[in-house]
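Single-structure report; data block below.
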Amino acid sequence: MKLTDINLRDKGAAIWEGWDRPRRTIFVIALIALVGIMPFAGNFSFTSILDTPISSYQDVLVYPIGMFVLMGLGLNIVVGKSGLLDLGYVAFFAIGAYTMAILSTRTHLNAWEILPIGMGLAMLSGVLLGLPTLRLRGDYLAIVTLGFGEIVRIVTLNISVTGGTNGIARIPNPPAIGPLKFGLMNSVNFFWLVFAMILLVIWMIRRLSVRRPGRAWEAIRQDEDVAMLMGVPTLRYKIWSFSIGAAVGGAAGVIYASKVMVIAPQMFTFNVSVLILSCIVFGGMGNMWGVVFGGVILAYLPERIRFITDARQLVYGIVLVVIMNVRPDGLLPRKKREKIKAKTGAKNV
Amino acid sequence: MNFSVLTSQFWSLCLSGLSLGLIYVLISLGYTMVYGVLRLINFANSEIFMVGTFATVWVETGLTGHTSNSNPLHGFQLVYTLLFALVVSMLASGLTAIAVEFLAYRRLRARGTNRLASLISAIGMSIILSESARILTHSRPQASPRLMEKTSFGHIAGANFRIDTVLVVISALLMFFALDRFVNKSRLGKAIRAVSMSEENAKLMGINLNRVISVTFLIGGLMTGAAAFFFMTVYETTKFNVGFNLGLAAFTAAVLGGIGNLRGAFFGGIALGLLETMSAAVLGSQWKSVTVFVVLVLVLLVRPNGIFGEAIQQTRV
């Protein structure tokens, strides 16, 4: 058996199909609980290998791991589901983060009130960017979105309200919800917050996937001309996909800004877009679990190997090239599962 | 906003825009040739350019034995140093391009996988190249020695015709036309065009696909390497991440003219060079990439395939 033939995704899907409802519920609850206690996993001597050299393991769980998984899921709606290559996803992250930074330092709004505003602004910019550019195809869209990402960064560098190179400091943490405090020392609570958002996004994507938008996106990805001929309003659904993806990025940005408390333009470079995109392709495009898996690995790996500080990015590049050559469909690919479904005639889940 | 610059320094802005634009033209050939044949963005091209600049620095410091600009060369020595640096830079970039094709594209192409996989592996290659350069140079910028005295031919129509700018303009134009003739007239060029029209049919006609694709990468790399040499002649410093901005601009130029189209890349590159120089003079250099992208979006709105772009099926390299 060749390395490329191993498809964990199909095995998992087959097992899942075989289960009845109570068993599925128990499994999901157990999984959520297991991920929920992950911040404490680094506390024992034998698990201290999880600790990363510079930041603590719990911080790493929030950023980059949690954030990257969240943004990977958001970008996956655009790239994986609808097949639109977006190379400037970091723009929406930046818009969310700067909304939080500007509003919280100049008004009395707190993070929870700014969250919908940040998402709304990111969505709006997604629509404004999408209207002219989503008529373009593939690679032209890629360069325009890449340019948009750079424009947002350059604008934040050069106008006064965003503080230029220095960025914005003293961004307040979100106020406590009940007993859950969100301070400098409460990484665990932040992790739970991000985890809850991830669950929400997963739930949203699962719902959307089986309904009209999901089917429209799938049709657009497979063949846009045919989709249009079959009466799918392609531009409208592409803009939807773009703006929903943008909203997720904006939400991640708001939470990120309130966690790190200082933001500056150099946090929102093209590299972040590339990193998120590689999470998706690495894990398995279009497949949510693949994205989660890819996000966890690609976010954790550079932190874990910080001890080889200098060659860190180099190793990262080598990993990307090798994995893409060995498993071009990602670690947990989608394609074969669809084939199996078509073969066995299993109904759509 | 300073529009008076446009009238007072119009011709010198044009000249520097032209030399920058021609550098973009040569880099964008690395993108557009590969795109024409594979329909893939060669993301590592910016790092292929970076390799070329480092090769230039290495040759020039090696041959002159100093890094400062204390004693410029003259006559025959100057000519052969420049030529040698040009050839080495082109070869270094060309070989890097072949290596990139071999490592990042060939295996994936053979298996007919999705385009994003190749994109990510190309990004991986570009990370590997730029990080290796960063580690080797300890993140420090590298300066090339000033080989020639940058004397001016004098002022013509208010523009300062400096020797290095004129040299770049003339030799880049020569290179482009040589390439254009090669692609349109030679047997190998015909094969490249055939592959870009239809891979399947080209294969049926007995064209060795792998060889043609390697050659395409090689030519794109050679042109990018030449651009790297010209860039070093005019600007004289490089850094491990020098490729990012230039590669981005060159790719924009290729898209502006219509990617996959040689003449499109030519006019797109020159237009972009002029646009960047003018907008930097009027709005300040920090806004130049913003202007460029706004113009790109506007152009694509009116002509979705670029100014000279053709429908994908009829794209000619």
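The values are calculated or read from the model by the stated rules, or taken from the named source; none is laboratory data. Predicted model, so just to flag it, every value in this text is computed and none were measured. Neighbour counts run over all protein chains shown; Cβ positions are idealised from the backbone, glycine included.
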Hits in the stretch A:234-269 - residues which are assigned to a loop (DSSP other than H, G, I, E, B) and without any contact (Cβ under 8 Å) to a residue 12 or more places away in the chain: none
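I'd like to know if the stretch B:240-249 contains one or more residues that are touching a residue at least 24 places away in the same chain (Cβ under 8 Å), among the aromatic types (Phe, Trp, Tyr), part of a helix (DSSP H, G or I) and within 14 Å of chain A (Cβ to nearest Cβ). Before you say what the answer is, go through the steps one by one.
Residues of the stretch B:240-249 touching a residue at least 24 places away in the same chain (Cβ under 8 Å): B:240-249.
Then keep just the ones that are among the aromatic types (Phe, Trp, Tyr); that gives B:240, B:244.
Narrowing further to those that are part of a helix (DSSP H, G or I): B:244.
So of that shortlist, the ones also within 14 Å of chain A (Cβ to nearest Cβ) come out as B:244.
Within the stretch B:240-249, one or more residues are touching a residue at least 24 places away in the same chain (Cβ under 8 Å), among the aromatic types (Phe, Trp, Tyr), part of a helix (DSSP H, G or I) and within 14 Å of chain A (Cβ to nearest Cβ).
Suppose we keep only residues that are in contact (Cβ under 8 Å) with a residue 24 or more places away in the chain and within 19 Å of the chain's Cα centre (by Cα) within the stretch A:104-119. Which one would you say is nearest to the other protein chains (Cβ to nearest Cβ)? Steps first, answer last, please.
Kept after step one, since they are in contact (Cβ under 8 Å) with a residue 24 or more places away in the chain, are these residues of the stretch A:104-119: A:104-105, A:110-112, A:114-115, A:118-119.
In the following step, the residues that additionally are within 19 Å of the chain's Cα centre (by Cα) were identified as A:115, A:118-119.
Numbers: A:Leu115: 29, A:Gly118: 23, A:Met119: 24 Å.
The qualifying residue nearest to the other protein chains (Cβ to nearest Cβ) is A:Gly118.
I want to confirm something. Restricting to the stretch A:80-101 and keeping residues that are outside any loop (DSSP other than H, G, I, E, B) and modelled with pLDDT under 90, which single residue is surrounded by the fewest Cβ atoms within 10 Å (Cβ to Cβ)? Show your work before the answer.
We begin by selecting, within the stretch A:80-101, every residue outside any loop (DSSP other than H, G, I, E, B); these are A:80-81, A:90-101.
Restricting the remaining residues to those that are modelled with pLDDT under 90 gives A:80-81.
Values: A:Gly80: 27, A:Lys81: 25.
Top of the filtered list is A:Lys81.
What residue, among those in the stretch B:111-123 that are hydrophobic (A, V, I, L, M, F, W, C) and more than 7 Å from every other protein chain (Cβ to nearest Cβ), is nearest to B:Met50 (Cα to Cα)? So that I can check it myself, show each step before the final result.
First, the residues of the stretch B:111-123 that are hydrophobic (A, V, I, L, M, F, W, C): B:116-117, B:119-120, B:122-123.
Restricting the remaining residues to those that are more than 7 Å from every other protein chain (Cβ to nearest Cβ) gives B:119, B:122.
On the way: B:Leu119: 19, B:Ala122: 15 Å.
Among residues in the stretch B:111-123 that are hydrophobic (A, V, I, L, M, F, W, C) and more than 7 Å from every other protein chain (Cβ to nearest Cβ), the one nearest to B:Met50 (Cα to Cα) is B:Ala122.
What number of residues in the stretch B:124-146 are hydrophobic (A, V, I, L, M, F, W, C) and at the interface with chain A (Cβ under 7 Å from one of its Cβ atoms)?
4
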The lone exception for A:Pro265 - which of (1) within 23 Å of A:Ile117 (Cβ to Cβ); (2) in contact with an Asp or Glu (Cβ under 9 Å, 6 or more places away or on another chain); (3) within 13 Å of chain B (Cβ to nearest Cβ) it fails: (2)
Some residue of the stretch A:224-243 being hydrophobic (A, V, I, L, M, F, W, C), within 23 Å of A:Gln58 (Cα to Cα), more than 14 Å from chain B (Cβ to nearest Cβ) and under 15 Å from the mean Cα position of the chain (by Cα): no
Any chance B:Leu40 is assigned to a loop (DSSP other than H, G, I, E, B) and in contact (Cβ under 8 Å) with a residue 60 or more places away in the chain: yes
Among the candidates B:Leu108, B:Leu78, residue that is away from chain A (no Cβ under 13 Å), in a helix (DSSP H, G or I) and in contact with a Pro (Cβ under 8 Å, 6 or more places away or on another chain): B:Leu78
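Go through the stretch B:81-105 and report how many residues are at the interface with chain A (Cβ under 9 Å from one of its Cβ atoms) and surrounded by fewer than 20 Cβ atoms within 10 Å (Cβ to Cβ). Give the steps one after another, and end with the answer.
Filtering the stretch B:81-105 for residues at the interface with chain A (Cβ under 9 Å from one of its Cβ atoms) gives B:103-104.
Remaining after also requiring surrounded by fewer than 20 Cβ atoms within 10 Å (Cβ to Cβ): B:103.
Result for the stretch B:81-105: 1.
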Which numbered condition A:Ser160 fails, given (1) within 14 Å of another protein chain (Cβ to nearest Cβ); (2) in contact with a Ser or Thr (Cβ under 9 Å, 6 or more places away or on another chain): (2)
From B:Thr233, B:Thr252, residue being within 26 Å of A:Gly149 (Cα to Cα) and either in contact (Cβ under 8 Å) with a residue 60 or more places away in the chain or within 12 Å of another protein chain (Cβ to nearest Cβ) (or both): B:Thr252
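Being under 19 Å from A:Ala252 (Cβ atoms), within 14 Å of chain B (Cβ to nearest Cβ) and crowded, with 23+ Cβ neighbours inside 10 Å is the requirement here; does A:Phe148 meet it? Talk me through it step by step, then tell me what you get.
Numbers: under 19 Å from A:Ala252 (Cβ atoms): yes; within 14 Å of chain B (Cβ to nearest Cβ): yes; crowded, with 23+ Cβ neighbours inside 10 Å: yes.
Criteria met by A:Phe148.
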Matching residues in the stretch B:176-228 - criterion: being surrounded by fewer than 18 Cβ atoms within 10 Å (Cβ to Cβ) and either within 20 Å of B:Ile48 (Cβ to Cβ) or touching a His at 6+ places or on another chain (Cβ under 7 Å) (or both): B:Ala178, B:Phe182, B:Asn210, B:Arg211, B:Ser214
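Assess whether A:Gly317 counts as being at the interface with another protein chain (Cβ under 10 Å from one of its Cβ atoms) and in contact with a helix residue (DSSP H, G or I) (Cβ under 6 Å, 6 or more places away or on another chain).
Details: at the interface with another protein chain (Cβ under 10 Å from one of its Cβ atoms): yes; in contact with a helix residue (DSSP H, G or I) (Cβ under 6 Å, 6 or more places away or on another chain): yes.
Against the criterion (at the interface with another protein chain (Cβ under 10 Å from one of its Cβ atoms) and in contact with a helix residue (DSSP H, G or I) (Cβ under 6 Å, 6 or more places away or on another chain)), A:Gly317 qualifies.
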Pairs where the first residue, in the stretch B:268-284, is crowded, with 19+ Cβ neighbours inside 10 Å and the second is not in a helix (DSSP H, G or I) and not basic (Lys, Arg), C-beta under 8 Å, 6+ apart: B:Gly268/B:Gly258; B:Gly268/B:Gly306; B:Gly268/B:Ile307; B:Gly268/B:Phe308; B:Ala271/B:Ile307; B:Ala281/B:Asn2; B:Ala281/B:Gln9
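Are any residues in the stretch A:19-29 surrounded by 10 or more Cβ atoms within 10 Å (Cβ to Cβ) and either acidic (Asp, Glu) or part of a helix (DSSP H, G or I) (or both), and if so, which ones? Lay out the reasoning, then the answer.
Our first condition is that a residue be surrounded by 10 or more Cβ atoms within 10 Å (Cβ to Cβ); within the stretch A:19-29, this holds for A:19, A:23-29.
Correct list: A:Arg23, A:Arg24, A:Thr25, A:Ile26, A:Phe27, A:Val28, A:Ile29.
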Members of the stretch A:310-324 that are free of Cβ contacts under 8 Å to residues at least 40 places away in the same chain and closer than 15 Å to B:Ser126 by Cα: A:Ala311, A:Arg312, A:Gln313, A:Leu314, A:Val315, A:Tyr316, A:Gly317, A:Ile318, A:Val319, A:Val321, A:Val322
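For every residue, the table says whether it meets (1) more than 9 Å from chain B (Cβ to nearest Cβ); (2) assigned to a helix (DSSP H, G or I); (3) modelled with pLDDT of 85 or more.
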site: A:Gly286; (1), (2), (3): yes, no, no
site: A:Leu301; (1), (2), (3): yes, yes, no
site: A:Arg304; (1), (2), (3): yes, yes, no
site: A:Arg312; (1), (2), (3): no, yes, no
site: A:Val322; (1), (2), (3): no, yes, yes
site: A:Pro328; (1), (2), (3): no, no, no
site: A:Lys339; (1), (2), (3): yes, yes, no
site: A:Lys343; (1), (2), (3): yes, yes, no
site: A:Val349; (1), (2), (3): yes, no, no
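What tally of residues in the stretch B:280-291 results from selecting those that are more than 8 Å from chain A (Cβ to nearest Cβ) and among the hydrophobic types (A, V, I, L, M, F, W, C)?
4
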Residues of the stretch A:120-144 classified as more than 10 Å from chain B (Cβ to nearest Cβ) and within 23 Å of A:Ala101 (Cβ to Cβ), total: 9
Condition broken by B:Leu298, with the remaining ones in (1) more than 10 Å from every other protein chain (Cβ to nearest Cβ); (2) farther than 23 Å from B:Thr224 by Cα satisfied: (1)
Near pairs, Cβ below 8 angstrom, 6+ apart or cross-chain, from the stretch A:279-308 (buried (at least 18 other Cβ atoms within 10 Å of the Cβ)) to any residue that is part of a helix (DSSP H, G or I) and of a type in the set (D, E, K, R): A:Gly284/A:Arg9; A:Gly286/A:Lys81; A:Gly286/A:Arg221; A:Asn287/A:Arg9; A:Asn287/A:Arg337; A:Met288/A:Arg206; A:Gly290/A:Arg9
